[in-house]
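Below is one structure, written out as structure tokens, with a few remarks after it.
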Amino acid sequence: MEDIRVWWIGERHPVERALDHVRLHLEGAFGARVAVWEGMGRPEEAYDPRRKQWSSGRILSWLVRTAPDGKVLGVTDVDLFIPILTFVFGEAQVGGRAAVVSTARLAEPGLPDERIVLERLAKESVHEVGHVFGLLHCDRPGCVMGRSSSIRDVDRKRGHLCAVCRGRIPRDGREAT
Ligand SMILES: [Zn+2]
Ligand SMILES: [Zn+2]
């Protein structure tokens, strides 16, 4: 199985602990080798000055052009959008190479516990990388591939793939826990 690269492409300083947290969750969910990777550059072209947000679609194209072969998850702190929605937590190419996830909407003002934000980030990371592995949205209760349009949806999901989704992940002999 290909490695997955986790690449911080945010504006502020990367939160090492957050990236490591994401890495562990991706390893657990997909049984893949996951590396925190530092590439050059930022997807500046994805900024939309009218919306003052970043186009997740343009970030995906940029990641595919910029990251080496294999799957890549861009992690950022900028606010992402797709044209039909106010914001998105992340986006991915289903069955492709690239996914992006943002912390921008995962933290709430006054939220005292950083661990909650890290858990949300891990869930959304597994969700988006699940799409890269070809998974679609899943309605089974608690499955991390459930749709999330709000923080509440994110908090309701568990961090894991349900048995059906897990069974659809191509494996190379290693088992996830
Ligand atoms: Zn999704
Ligand atoms: Zn599922």
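All of the numbers you see were taken from the coordinates with simple rules; none came from a lab. Keep in mind that what you see is a predicted model, and the values were worked out from it rather than measured. Reconstructed Cβ throughout: ideal geometry from the backbone, glycine too, with neighbour counts over all protein chains shown.
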*asked:* Of the candidates Thr66, Thr76, Thr103, which one comes out as most mobile in a Gaussian network treatment of the chain with C-alpha springs shorter than 10 Å?
replied: Thr66
*Take the eigenvalues of the Cα gyration tensor for region 1-120, scale each by 5, and report the square roots as semi-axes in whole Å, largest first.*
21, 19, 13
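Size of the dipole of the chain about the Cα centre, Lys and Arg at +1 and Asp and Glu at -1 on the beta carbon, nothing else charged, in debye to 20?
On the way: 27 positive and 25 negative charges, 93 e Å.
Roughly 440 debye for the chain.
Can you give the extra length, in nm with one decimal, that the chain gains between Arg140 and Arg12 once fully stretched, where that is 0.36 nm per residue apart less the Cα-Cα distance? If you can, show how the numbers build up before the last one.
Working: separation 128, 0.36 × 128 = 46.08 nm, distance 3.61 nm.
Length gained, Arg140 through Arg12: 42.5 nm.
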*Cα→Cβ-extended label distance, 7 Å offset, between Val94 and Ser61, nm*: 2.1 nm
*Taking the Cα centre of region 20-114 as origin, sum charge times position over the Cβ atoms of Lys and Arg (+1) and Asp and Glu (-1), and report the length of that vector in debye to the nearest 20.*
400 debye
*If each of Ile116 and Arg152 carries a label point 7 Å out from its Cα toward its Cβ, how far apart are those two points in nm?*
1.4 nm
*In whole percent, what relative contact order does region 4-166 give with Cα contacts below 8 Å and a gap of six or more residues?*
20 percent
*Amide H to amide H under 5 Å from Leu80: which residues, 5+ apart in sequence or cross-chain, H placed 1.01 Å off N in plane?*
Trp54, Val88
_Please report the spacing between the Cα centers of region 126-157 and region 10-43 in Å, no decimals._
19 Å
*At Arg51 and Asp69, where each label point lies 7 Å from the Cα along Cα→Cβ, what is the point-to-point distance in nanometres?*
3.3 nm
*In Å and whole numbers, how far do the C-alpha atoms of region 29-76 stretch along each principal axis, longest first?*
41, 23, 15
